[in-house]
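Okay, structure first, notes after.
The values are calculated or read from the model by the stated rules, or taken from the named source; none is laboratory data. It should be emphasised that the depicted structure is a prediction, and the values quoted were computed from it without experimental measurement. Every residue, glycine among them, receives a Cβ derived from its backbone with ideal geometry; neighbour counts consider all protein chains shown. The protein model used for the area step is the full one, side chains on, heavy atoms only, and it has no ligands, DNA or RNA in it. Shrake-Rupley method; radii C 1.70, N 1.55, O 1.52, S 1.80 Å.
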Amino acid sequence: MDQAIITYLAENRDKHLAELKEFLAFPSISSLPEHKDDVQKAANWVAKSLQEIGMEKVEVYQTKGHPVVYGEWLKAEGKPTVLIYGHYDVQPVDPLHLWDSPPFEAEVRDEKLYARGASDDKGQVFMHLKVLQAIFKTTGTLPINVKFLIEGEEEIGSPNLPLFVEENKELLSSDVIVISDTSMMERGKPAICYGLRGLCGIQIDVKGPKSDLHSGLYGGTIQNPIHALVAIVNSFHNEKGQITVEGFYDKVADLTGAEKAAYESLGISNQSFIDQTGVPELFGEEGYTTLERNWVRPTLEVNGIYGGFQGEGIKTVLPAEAHAKITCRLVPDQDPDEIVELLQKHVQSHTPPGVTVNVSLFDKGAAYVTPFDHPAIQAAGRAYEKVYNIPTSFTRGGGSIPIVAAFDQILEIPVVLMGFGLPDENFHAPNEHFNLENFDKGMETLTFYWYELEQSL
């Protein structure tokens, strides 16, 4: 590898940060219809950037939802082909008052770049663009063939991407997929995530009377939909933190002794979770360590619950309806569709009299695990170690990237999850930020990786 590439990245750091701030200025919130034009503008920005760094056949593909951006460079004859995946859409920013600076006006404070999307995932996508540009500028070519697939719906579960992938298998064919949308263990400790939990989400809608009723006139005579919803939600777990939905654990495999030993060797303490979350103590499924609960055990969580009067003071009504949003993180062999069926049966069997309940699906994705001894993953580990000067940890992630399992099932090629975020960077929360130490070291690592990969596949 030519050291001039690293020099180029260092000399152009300020310019690159200015360009990244431009990218971060788009409020490309995929979940809110009023930002549809902003999502399109962000897609166009990505396409223009791909052209500027030397990609060919750049195209913005429209879907039933938000666009997919594609570009390629395939002139490294006899060398491996890498499909780089990422997303340019972001989460909503509320509650806005908790941000210390405007979420779409990127600001650097204490060598951290603050903005929505700084870490998840615009900042990490941008790093790939600049690394390849640096290699082009200093060597005139690339050590590997490259394809880009950057989407605008990851934050809403990538509903239209699997069909795009299915219809464009030949276009997307490659030797390995590389994704930078995960976190390192902690500052200075790189990690490669070789497995992700899957996801399924439902909404529970409970309806009682035809309209809100005066609690003095009708209280004690009908079922309160909020009370009914609370009873349903409370039925999902027992006092040991175990999920009580019949059949939920049927396909969950036990941890191997090797996996247990590997997780223990990482030395992650319970106190680190307490410090990160600010809770007085931890809680979870009995019989498992915190790390096991976080990475390799399925979960069921209430993400939102609402109904009745929400304003200041009190309004003495019996609400006509109540609602809850539920998501489950799933592990390998758990089928999202089967889990949704089990949840629906559980809700129906635990619905109190006097209300009607509807359960609707709004998100799903399978779990994913790949052997961490694959040459592409081991090459990534070596690249990290050259820059961070510490052995790379191989971990599994508690979160979900739904499209990863779809890539595995449709394209049947290995996925390398090579992230540079940190767990405390507030992605999905106010004051999201990206540590610029990892912006710099991450681009160095990716540079080394492409040359390692050239020799490994």
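A few notes on this one:
- Estimated from helices alone, the mean residue ellipticity of the chain at 222 nm is -11000 deg cm²/dmol (sum of -39500 (n - 2.57) over DSSP H runs with n ≥ 4, per residue).
- In the chain, Cα pairs under 8 Å separated by at least six residues give a relative contact order of 25 percent.
- A Förster radius of 25 Å, combined with the Cβ-Cβ distance separating LYS36 from ASN168, puts the computed FRET efficiency at roughly 0.60.
- Burial ranking of peptide ranges 237-245, 435-443 (average Cβ count within 10 Å, highest at the top): 435-443, 237-245
- For GLY419, residues with placed amide H under 5 Å, excluding near neighbours: ASP181, THR182, CYS193
- Against the chain, whose longest principal axis is taken from its Cα atoms, helix 122-139 shows a tilt of about 10°.
- Estimated D of segment 31-91 in µm² per second, where Rh is the Kirkwood radius over Cα pairs and Stokes-Einstein applies at 25 °C, 0.890 mPa s: 190
- Backbone amide hydrogens, once placed in the peptide plane, bring LYS112 within less than 5 Å of LEU436, excluding anything fewer than 5 places away on its chain.
- Ranked by the mean number of other Cβ atoms within 10 Å of their residues, highest first, the peptides 202-212, 250-260 come out as 202-212, 250-260.
- Secondary structure note: in segment 84-223, about 40% of the DSSP beta bridges are antiparallel.
- DSSP beta bridges in the chain [antiparallel fraction, %, rounded to 5]: 70
- Whole-number D in µm²/s for segment 350-457 (Stokes-Einstein; Kirkwood sum over Cα pairs; 25 °C, 0.890 mPa s): 145
- 30 Å Cα-Cα threshold exceeded, pairs from LYS48/LYS386; LYS240/LYS325; LYS57/LYS325; LYS260/LYS364: LYS48/LYS386; LYS57/LYS325
- Farthest toward positive dipole pole in segment 190-314 [+1 Lys/Arg, -1 Asp/Glu at C-beta], among PHE273, GLN242, TYR306: TYR306
- Overall form of segment 222-352 per C-alpha gyration tensor (a/c, 1.5; a/b vs b/c): oblate
- Cα-based shape type of segment 153-309, given that a ≥ b ≥ c are square roots of the gyration tensor eigenvalues and the cut on a/c is 1.5: oblate
- Cα pair count fraction exceeding 19 Å, expressed as % - segment 225-285: 60
- Size of charge dipole - the chain - debye, nearest 20, with Cβ of Lys, Arg +1 and Asp, Glu -1, no other charges: 200
- For GLU186, the solvent-accessible surface computed with a 1.4 Å probe is close to 90 Å², ligands and nucleic acids excluded.
- Over segment 1-126: Rg over Rh, Cα atoms, Kirkwood Rh: 1.01
- Per-residue packing, averaged as other Cβ atoms within 10 Å, sorts the ranges 409-416, 291-298 into the order 291-298, 409-416, beginning with the highest.
- Percentage relative contact order, segment 60-166, counting C-alpha pairs under 8 Å, at least six apart: 46
- Unit charges on C-beta of K, R, D, E only; dipole of segment 1-156, Debye: 520
- Zero-based 10 Å bins, Cα pair distances in segment 158-226, whole percents: 12, 22, 19, 14, 14, 16, 3
- Once the Cα atoms are used to define both axes, helix 375-388 deviates from the longest principal axis of the chain by about 80 degrees.
- Computed log10 I(q)/I(0) for segment 198-247 at 0.29, 0.31 Å⁻¹: -1.19, -1.25, from the Debye equation with unit scatterers placed on every C-alpha and solvent omitted.
- Across segment 52-63, coupling constants 3J(HN,Hα) worked out from phi with the 6.51/-1.76/1.60 Karplus curve, θ = phi - 60°, read 5, 8, x, 6, 10, 6, 6, 8, 9, 8, 7, 10 Hz, and Gly and Pro carry x.
- Modelled FRET efficiency - R0 22 Å, GLU52 with MET1, Cβ distances, 0.05 increments: 0.45
- Hull volume in cubic angstrom per residue (convex hull over the Cα atoms of the chain): 157
- Its relative contact order, with pairs defined as Cα atoms under 8 Å and 6+ residues apart, puts segment 381-438 at 16 percent.
- Just so you know, the Rg over Rh for segment 114-197 is 0.98, from Cα atoms, with Rh as the Kirkwood radius.
- Angle between the chain longest axis and helix 336-349 axis [Cα atoms, degrees, rounded to 10]: 10
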